[in-house]
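The structure appears below as structure tokens.
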Amino acid sequence: MSVPPQAFVNKNKKHFLGIPAPLGYVAGVGRGATGFTTRSDIGPARDANDVSDDRHAPPAAKRKKTEEEDDDEDLNDSNYDEFSGYSGSLFSKDPYDKDDAEADAIYESIDKRMDEKRKEYREKRLKEDLERYRQERPKIQQQFSDLKRELKQVSEEEWSAIPEVGDARNRKQRNPRAEKFTPLPDSVLSRNLGGESSTSIDPGSGLASMMPGVMTPGMLTPSGDLDLRKIGQARNTLMTVKLSQVSDSVTGQTVVDPKGYLTDLQSMIPTYGGDINDIKKARLLLKSVRETNPNHPPAWIASARLEEVTGKVQSARNLIMKGCEVNPSSEELWLEAARLQPRDTARAVIAHAARNLPHSVRIWVKAADLEQETKAKRRVYRKALEHIPNSVRLWKAAVELENPEDARILLSRAVECCPTSVELWLALARLETYENARKVLNKARENVPTDRQIWVTAAKLEEAHGNTHMVEKIIDRAITSLSANGVEINREHWFKEAMEAEKSGAVHTCQAIIRAVIGHGIEPEDQKHTWMEDAEACANEGAYECARAVYGYALSVFPSKKSIWLRAAYLEKQHGTRASLEALLQRAVAHCPKSEVLWLMGAKSKWLAGDVPAARGILSLAFQANPNSEEIWLAAVKLESENKEYDRARRLLSKARASAPTPRVMIKSAKLEWALNNLDVALNLLEEAIKVFGDYAKLHMMKGQIEEQMGKDEDAHNTYFQGLKKCATCVPMWILLSRLEEKLKHVTKARSVLEKARLRNPKNPELWLESVRLERRNGSTEIANAVMAKALQECPNAGRLWAEAIFMESRPQRKTKSVDALKKCEHDAHVLLAVSQLFWTESKINKCREWFNRTVKIDPDLGDAWAYFYKFELLHGTEQQQEDVKTRCKTAEPHHGEYWCKVSKEIANWCFSTEQILLLVAKQLPVPT
């Protein structure tokens, strides 16, 4: 503390007298005095532990408010500071004393000094920014300054000739109470002329004189009445002519081009849709990068592209050219500069680039692309090859522009400069004659001994000239040579080469490659499995010759494997000819004589070709190899019955019953007699069969159906009843019995039969479906809905029930039900068929066709789907689409489906083909509603 000067004059006087007390000083506190209070004091001088005296305290409300203001702290994120946290200063609640004021003054002086040091640079920077801004966006006053200066040259006459500014207000404001006139129609004028309705004016009347020029002598005035309608037409014609004059020039070209006008308007819209502040930040950042490291080409390219995106193409060009000056050895910068410039300027830029970088392939290619004439392109490429003779890309581009003869000469030079380029060698071989091509390929193998394409091309060359015996040798030598040179024999790569060879028509080469590499690197125990996968992969890729070669090699290793023969036979059946299939099957039955399927496939192939005696011969050989074979007996019976040789069929069946009495043989025997209307004979056969094979359900069902046909309903009822005792799990027989009861008007009994069937066969959707339909047929819709609800609870994943449930709903609810059905049974053909029908009812043709295709793809054996699809195409498709569905159905040969089986199993249709059944079912099907 500084001592006042008066203290040195009077030494008896204390030095602290006359000085204000320190902040917070209370007299007497040191010796224990608490002081005293008056009403004018803010508060007493008392110890912190004393009881408070609230006599002079502020009012309660005010005090509470002050405390709240002190304690309330703003915790908003916008008030957060990384250094001091929330609420700004950490010491805002402490008293502000002299030390704080002195510190603030010192800091303020430092800030002021620092600000003065930066002031000159800041003002200069601000001035530059303002000037640049004024250049980019000048004021309107500056834009018209030159016009203002020219005003001094305006004379008095010109000044007085300037028209006065018109009234800018609209007509309502200028004439607030203007009179309104309503033009009268022509009919009023004509009615008031002479009391009668007419559409013309008498030229002699007074009204005609109102029209200027009508009666004026010397004018070509038309004689006769003046037609008001013609006046209106003439007015329209005149307006059309005026409009044409406005829109067309003398030469006939439209002055106002609407498309061009719209294009100009579009060009005025900024192409960049981002924030302008982002552009400014990016521009500033890129400028900093350029100034920091001017030898960094990506910075210049990014800057130019930023300007290009924002629509400032000229600025982008200037930037990129400046970058090229700074970095003349940057290939990327020159190419970007050529891209941004127009074609003529770009040619000059790329020429400059080629002088700076004569060994850049991309610059020479760009230079050739900028040329429009082929001759100029050739000249560029030849100039480029003088500088870069070992560039394969330049040689290829140059060769593509030449005719075959010049290309051959160029390629002969190219392979000298680039002896390791396989593509150039192969291109040269293709252009040469056979003898020269062989020499070229030999040279290529010497220069590139590790490439398989040269060997494959040599094999294709030999095959193309008929030397098929050389193909196998070349491929074998290729495998040996490549292995000797350390090249790995990759099966996948060689298989791809084989597929490519097949696509190019070199079948022998493809087969030779397959035979050479198929066993490479395969363990003996994995051979069959791996080769079958290879064959399937080739077939899926459409390389059927490769698949044949795989099967052929596999059969040479495993000649007695029936599964391989079957796969090969199916391949020939789908993608081969009948002759190739029959040849394969002959070899198959020679190696696998006990395989019934192979014999039957051979016989069926002959039968479909119309050669019935050959089919019989194959089946007789099959009998010799497989005596008492049920399949062969039945195939022989079918062959004879299809060709209407019923006596032969009967004899065959009697022999079969004698030698191999199986249930299927008995059923075929009874069915033949049933089809030929020998019902009593059929019943006798079935009764004999039931005695031997009593637990075979089809025998009971066939017997009952024949008895129903004969009108013996009681016998049929008894037959079904006896059959169900032995075959209680046969669902079709329960359904037949319930339908018989319904036919006899015993609906209650039919219902009880189905309930009993559901007890014996729980969770069976067929029985639930029949119960629902029984109720619907008898008009009990509510009961049918209740039964359907129970059915879906017991069988939630039954597609047939969901399909029925969809069409039991009202039309607005069907879509919701179909969504539920698809959630439960996404891949069920019956549900997909129901959804297809739903789209059909809504006339959504394309969607319906798409869903029908999906249905038949998921389950091609569902005949009902094919029949509905065909009926849909008959109503909404073309002949091509109808034939396509029919062909696909014949290929699929479906056997199941409610409507399909109803027609196909009808005894009168027992000889119908798939196409005939399809037509008949489609005719009987109802259109979904």
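Between residue 483 and residue 127, the contour length at 0.36 nm per residue exceeds the alpha carbon distance by 120.4 nm.
For region 276-402, the tally of Lys pairs with Cα-Cα distances below 14 Å comes to 6, considering only residues 8 or more apart or on different chains.
Hydrodynamic analysis of region 823-928 uses the Kirkwood radius over alpha carbon pairs. Inserted into Stokes-Einstein at 37 °C and 0.692 mPa s, it gives a translational diffusion coefficient of 240 µm²/s. When you restrict to C-alpha pairs under 8 Å that are six or more residues apart and normalise by the size of region 481-600, the relative contact order lands at 17 percent.
Annotation: lysines with alpha-carbon distance below 22 angstrom to residue 119 (same-chain offsets under eight excluded): 127.
Can you tell me how region 529-612 classifies by the Cα gyration tensor, rounded, prolate or oblate, using a/c under 1.5 as the rounded cut? Judged from the Cα gyration tensor, region 529-612 comes out oblate (a/c at least 1.5, b/c at or above a/b).
Accessible surface for residue 23 stands near 150 Å², nearest 10, in the context of the full protein assembly shown (1.4 Å probe). Mean silhouette area of region 277-335, derived from the convex hull of its C-alpha atoms and averaged over all directions, reads 3.6 nm². Treating r as the C-beta distance of residue 912 and residue 678 and R0 as 22 Å, the FRET efficiency rounds to 0.65. How would region 796-867 be classified by its alpha-carbon gyration tensor: rounded, prolate or oblate, with rounded meaning a/c under 1.5 and the a/b versus b/c comparison settling the rest? Oblate, since a/c reaches 1.5 and b/c is not below a/b.
Between residue 809 and residue 94, the simple spin-label model (points 7 angstrom out along Cα→Cβ) gives 7.6 nm.
Taking label positions 7 Å along the Cα-Cβ direction at both residue 905 and residue 443, the computed distance is 7.7 nm, reported to one decimal. For region 436-542, the alpha carbon positions stretch 44, 30, 21 Å along the principal axes, listed from largest to smallest.
Take the Cβ atoms of residue 728 and residue 881, set R0 to 51 Å, and the FRET efficiency comes out at 0.60.
Using a ≥ b ≥ c from the Cα gyration tensor of region 265-384 (square roots of the eigenvalues), is it rounded, prolate or oblate, where a/c under 1.5 gives rounded and otherwise the larger of a/b and b/c decides, a/b for prolate?
Oblate, since a/c reaches 1.5 and b/c is not below a/b.
Straight-line reach from residue 726: which lysines fall under 23 Å, measuring Cα to Cα and dropping same-chain residues less than 8 apart? Here the lysines satisfying the reach criterion relative to residue 726 are 668, 671, 691, 698, 703, 712, 749, 756, 763. For residue 888, the accessible area of its heavy atoms, probed at 1.4 Å with every protein chain present, is near 80 square angstrom. In order along region 890-907, the phi-based Karplus estimate (6.51 cos²θ - 1.76 cosθ + 1.60, θ = phi - 60°) of 3J(HN,Hα) comes to 5, 5, 6, 6, x, 10, 10, x, 4, 5, 4, 5, 4, 8, 5, 8, 5, 5 Hz; Gly and Pro are listed as x. Counting charges near residue 774 (Lys, Arg +1; Asp, Glu -1) among other residues having Cβ under 9 Å from its Cβ returns a value of +2.
Computed over all pairs of different Cα atoms, the Kirkwood value for the hydrodynamic radius of region 477-533 is 12.1 Å. When the residues 434, 570 are ordered by accessible surface, computed with a 1.4 Å probe over the protein chains alone, the sequence from largest down reads 570, 434.
Place a point 7 Å from Cα of residue 537 in the direction of its Cβ. Which residues in region 495-523 have their backbone N less than 16 Å from it? What the label zone holds, given the 16 Å backbone N cut-off, is 495-501, 513-523. Label-to-label distance for residue 136 and residue 929 is 7.4 nm, based on points extended 7 Å past Cα in the beta-carbon direction. Computing FRET efficiency as 1/(1 + (r/R0)^6) for residue 102 and residue 332, where r is the C-beta to C-beta distance and R0 is 60 Å, gives about 0.45. Per-residue Karplus couplings for region 701-715, computed as 6.51 cos²θ - 1.76 cosθ + 1.60 with θ equal to phi - 60°, are listed in order as 5, 5, 4, x, 5, 5, 5, 5, 5, 7, x, 8, 5, 5, 5 Hz, Gly and Pro entered as x. Within the set 604/905; 745/824; 606/890; 644/905, which residue pairs have Cα atoms separated by over 27 Å? In this structure, 745/824 exceed 27 Å between Cα atoms. Taking θ as phi - 60° and the Karplus parameters 6.51, -1.76 and 1.60, the scalar couplings of region 752-760 work out to 5, 4, 5, 5, 5, 5, 5, 5, 6 Hz in sequence order, x denoting glycine and proline. Here residue 239 sits with roughly 110 square angstrom of accessible surface, probe radius 1.4 Å.
The values are calculated or read from the model by the stated rules, or taken from the named source; none is laboratory data. The model shown is predicted, which means the values in this text are computed figures rather than measured ones. Using ideal geometry, Cβ is built from the backbone for each residue, glycine included, and neighbour counts are taken over all protein chains shown. For accessibility, only protein heavy atoms count, side chains too; no ligands or nucleic acids. Shrake-Rupley method; radii C 1.70, N 1.55, O 1.52, S 1.80 Å.
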